[in-house]
Amino acid sequence: MTRYTLEQTAFINHQSGNALCIAGAGTGKTTTLVGLIEKKLVQIPAEEMLVMMFNRDIRTDFQQKLVTTGIEQNVPVHTFHSFCLKLLNQTGFLRETGFRVDYQSGESDKSLVKTILRAAAGQEKSYQRQQMIKDPKTIELLLSFIGLVKAYMLPPREVFRMSEISRDYLFIIDAYEQFETLRKQQRVFFFDDWLVESVKLLEGNDAIREHYHQHCKLVVVDEFQDINTAQYRLLKQLLGPETQLLAVGDVDQCIYKWRGSAPQFMLDFEQDFAPASTYTLSRTFRFGHSLALSASHLIANNKQRFSDFLTISDEAISDTSIEVLGTSRQVGEIAQSVQNYIADGGESSDVAILVRRWSQTLLFELAFLSKQVPYQMPVPSVLANSREVRLLIELMLLATGRYGELPQQQKSLLLFSFLSFPHCYVPNKELRPLCDQLAGMETTNWLVFIGRYEKANTSLKLDNLIERLDLLVRLQRKGSFKALEVYNQYRNDSGLDNWIWKTEATATEIEEAIERLDSVATVLESMDQNCEKALQYFEYYTQQSAQKSAQRTGETNNQASGVQLTTIFRAKGCEYNHVHLPFWDKDAFPYMNKSSGSIAADVEEERRLAYVGLTRAKDRAMVYFTEPDKPTAKATNASTFVLEAKVDLARELGPKLYQSGELPHHRSPVVCEYYRKLGREADVQSPIEIMIDAQGAGNDSDTSQGYSYQWALAQPLPVNADKVISAMIRTKTAKYLDSEISRVIRELNTSSETKKKVLINRLIVAANARSRVRR
Ligand SMILES: Nc1ncnc2c1ncn2[C@@H]1O[C@H](COP(=O)(O)OP(=O)(O)OP(=O)(O)O)[C@@H](O)[C@H]1O
């Protein structure tokens, strides 16, 4: 039986009014929710309760947990969708309206979307636009747009404006309207409609609303930070004057902006659901002090959060180390570290590589396959399905002359593949037979043939195609060249990158595609091999990854083993002994939308993502960024999140928190609050009094204009001072800093006003560094 912490007990014992429980990562919120329901069952019959979970897996786990805790009553546990479906059925709404529910999750709405886009493409004159509209990615884009419009319950135009979709895709607004018209004609509710229709029904029908108010006395919502507008409106309707809402969540883990969730729902809880109380679960059972300190420093930079909330480690939990490594070979370092861990007896499935974007997994797959490190991914292999890797293989087939040995049909397919990536804008119905013809002749005859073909087909614009064929002819003689050279030449001369920039719908997709291209180039560069060797390498490993991916598809979760290679998004709710967090580079994280030159996803959302990544670790978290082999002293390539996490400070203070006795004084509000929450304020040393013994005005008490060490400590830190301070702590002695402080104070007292500003910053930085360096 769990011995609840004081905070857990307080929430479990909550009596009247609504309540929000702010629960940090790994603080036992599921355990607490079970305790809460057990307690509430004394007053409220199970059938008058409603527990809302975010997805089916969590719901099943929770139901299981209720049973194993010994709760015999049948408490209704639902996902938002399953609840809505029940509501639409039980109220007779489906029967009366004649609408049917579509259960084929994603298949029927997809075919409707395809029909609409095909028709839209048919209206276009430009072949280029037609291709873009019919592209499978546009189908996915429209599907997620429809989902987003329904999550926000806003007009599609407004949702389009809020999203990062390129204006070339404005047509999806009309496509949305057509989708809705057709859907209504067919009288069908797709998955996203269940929620929207339930909200509308409750908002417009007093009797139904009244029924729920009468029969539902307690609503419990897990992961409250993830709710979107539709879910929020549903809750609002369900709550009657006597219904109690108890919600649990962590606003610092709100990372589903792309699904319509926003921190504001949780931050405004007290006003929106007044009268409401707020509770906290702030002791984590997952990670130790060092990681808790670091993660807290990072997330403290967000404004959209509960500013006084801080997750601290429970005293029973041992420390979690956190390390940062700047290296030119992140992937190699990680693969080696994982290989060593497994060789030392570690379990591969205890390790996770958490990336920001799927394209970043490509290099890891190659590294793991070549080192025979077992790995698993929750999605099909990126390596085996990458269009960019396939391009490389195709180019190598051409350059090595293996193209000539292929059967004609395969040659034709290969040519079609080249001519559509990037697309040469000859309509596919002409392009396919043309490829058949080209495949049937010597490559040396291509250009002569196409010249004649052009004369006979004056209506076709063949410039791009001719240029591409010319490029292919040139490349096929390059078998002895370095693979990278051939690959880069194709990439440059065909204008592939430009085409990707023009045709991908969202900034993320552009980024992913370019990153996959770059990843292939990175491998080719480090291999430094000719086309034959590169072909063997990529053919072998893509086949291997496809086989392994197929095997994984047949495995259940329990059977799955190997290092977890996944995104931070997918890892939410999970925990691992070792967590590697690669590519925390300045230009990669927070993710910058390079197409518009601005930051696309908001920095706070990105920071929450970084926070979720860090807080998955139990024993060890390792953060990596790219650093050239010979780093320059000046700028770091590390993400601002690396600096904000104050890893040096966390590593210095974290282990000390496991010992009794004095704790170093530190000005960081996070550290002060951490000490306070641990009840260790009395152990904190008083700030180091330093005697500045230089000549002249260096003394604390007799500075003619008041500049002193203490004065400097009381000033706000200059922008970006953290990294300079950290560097000083690492590299300077106390003696050096003392004399630097004296020197700057002396200079300050005699300098001009313009120079003063610079000197004051220098003084503040040196004093802050000095306060953390002991004699
Ligand atoms: N009062 C407690 N004392 C000791 N261990 C506890 C306590 N409460 C929870 N735990 C343990 O902490 C771990 C995390 O608990 P739980 O799964 O309930 O957390 P959670 O907050 O739901 O996690 P997540 O952040 O993944 O959502 C579990 O191993 C659980 O047994």
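The values are calculated or read from the model by the stated rules, or taken from the named source; none is laboratory data. Since we're looking at a predicted model, the values are computed, not measured. Here the Cβ positions follow ideal geometry from the backbone for every residue, glycine too, while neighbour counts run over all protein chains shown.
Residue pairs whose Cβ atoms lie under 8 Å apart, sitting 6 or more positions apart in sequence or on different chains, and linking a residue in region 30-56 that is in the same structural domain as residue 223 (by the TED database) to a partner that is of a type in the set (S, T, N, Q) and within 13 Å of the ligand (Cβ to nearest atom), are 31/2; 31/8; 32/8; 34/69; 35/2; 35/8; 38/69.
Pairing each residue of region 325-342 that is under 13 Å from residue 372 (Cβ atoms) with any residue that is in a helix (DSSP H, G or I) and hydroxyl-bearing (Ser, Thr, Tyr), provided the two are 6+ apart or on different chains, yields C-beta distances under 8 Å for 338/348; 342/348.
If you go through region 388-439 and pick out every residue that is farther than 15 Å from residue 465 by Cβ, in contact with a Lys or Arg (Cβ under 8 Å, 6 or more places away or on another chain) and not aliphatic (A, V, I, L, M), you end up with 2. Scanning region 743-775 for residues that are of a type in the set (Ser, Thr, Tyr) and either buried (at least 21 other Cβ atoms within 10 Å of the Cβ) or under 19 Å from residue 665 (Cβ atoms) (or both) gives a single hit, 771. Residues in region 450-509 that are closer than 19 Å to residue 520 by Cα, of a type in the set (S, T, N, Q) and within 30 Å of the chain's Cα centre (by Cα): 488, 498, 508.
Conditions (1) more than 15 Å from the ligand (Cβ to nearest atom); (2) modelled with pLDDT under 95; (3) within 19 Å of residue 358 (Cβ to Cβ), marked per residue:
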residue: 553; (1), (2), (3): yes, yes, yes
residue: 561; (1), (2), (3): yes, yes, no
residue: 567; (1), (2), (3): yes, no, yes
residue: 576; (1), (2), (3): no, no, yes
residue: 579; (1), (2), (3): no, no, yes
residue: 583; (1), (2), (3): yes, no, yes
residue: 587; (1), (2), (3): yes, yes, yes
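Can you name the helices (runs of 4 or more DSSP H) wholly within region 1-74 that have at least 3 residues being near the ligand (Cβ under 10 Å from one of its atoms), at pLDDT 95 or above and under 26 Å from residue 215 (Cβ atoms)? Explain how you work it out, then say what you get.
Working: elements: 6-12, 29-40, 56-68.
Ranges flagged: 29-40.
Could you please let me know if residue 300 is away from the ligand (no atom under 16 Å from the Cβ) and either in the same structural domain as residue 263 (by the TED database) or within 17 Å of residue 654 (Cβ to Cβ) (or both)?
Working: away from the ligand (no atom under 16 Å from the Cβ): yes; either in the same structural domain as residue 263 (by the TED database) or within 17 Å of residue 654 (Cβ to Cβ) (or both): yes.
It is true that residue 300 is away from the ligand (no atom under 16 Å from the Cβ) and either in the same structural domain as residue 263 (by the TED database) or within 17 Å of residue 654 (Cβ to Cβ) (or both).
Residue 451 satisfies every condition listed in (1) exposed (fewer than 14 other Cβ atoms within 10 Å of the Cβ); (2) assigned to a helix (DSSP H, G or I); (3) in contact (Cβ under 8 Å) with a residue 40 or more places away in the chain except (3).
Every residue, every condition in (1) part of a helix (DSSP H, G or I); (2) away from the ligand (no atom under 16 Å from the Cβ); (3) free of Cβ contacts under 8 Å to residues at least 60 places away in the same chain, yes or no:
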| site | (1), (2), (3) |
| --- | --- |
| 274 | no, yes, no |
| 291 | yes, no, no |
| 304 | no, yes, no |
| 307 | no, yes, yes |
| 323 | no, yes, no |
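Looking across region 748-771, the residues that are touching a Lys or Arg at 6+ places or on another chain (Cβ under 9 Å) and either within 22 Å of residue 649 (Cα to Cα) or at pLDDT below 85 (or both) come down to 766, 768, 769, 770, 771. Condition first: farther than 22 Å from residue 640 by Cα, of a type in the set (D, E, K, R) and out of contact with any Gly (no Cβ under 6 Å at 6 or more places or on another chain). Now tell me which residues in region 314-332 satisfy that. Those that are farther than 22 Å from residue 640 by Cα, of a type in the set (D, E, K, R) and out of contact with any Gly (no Cβ under 6 Å at 6 or more places or on another chain): 314, 315.
In region 278-289, how many are away from the ligand (no atom under 16 Å from the Cβ) and either surrounded by 17 or more Cβ atoms within 10 Å (Cβ to Cβ) or within 24 Å of the chain's Cα centre (by Cα) (or both)? Number of matching residues: 1. For region 455-487, a residue qualifies if it is in contact with a helix residue (DSSP H, G or I) (Cβ under 7 Å, 6 or more places away or on another chain) and not hydrophobic (A, V, I, L, M, F, W, C), and the qualifying residues are 468, 470, 476, 478, 479, 487. List the pairs whose first member sits in region 245-266 and is closer than 13 Å to residue 228 by Cα and of a type in the set (Gly, Ala, Ser), whose second member is within 16 Å of the ligand (Cβ to nearest atom) and part of a helix (DSSP H, G or I), and whose Cβ atoms are under 7 Å apart, counting only residues at least 6 apart or on separate chains? Here the result reads 261/225; 261/226, each pair linking region 245-266 to a residue that is within 16 Å of the ligand (Cβ to nearest atom) and part of a helix (DSSP H, G or I).
Confirm whether residue 72 is more than 30 Å from residue 387 (Cα to Cα) and acidic (Asp, Glu). Explain how you work it out, then say what you get.
On the way: more than 30 Å from residue 387 (Cα to Cα): yes; acidic (Asp, Glu): yes.
Taking the combined requirement at face value, the residue satisfies it.
Residues of region 33-58 that are within 14 Å of residue 71 (Cβ to Cβ) and of a type in the set (Val, Ile, Thr): 34, 37, 42, 44, 51.
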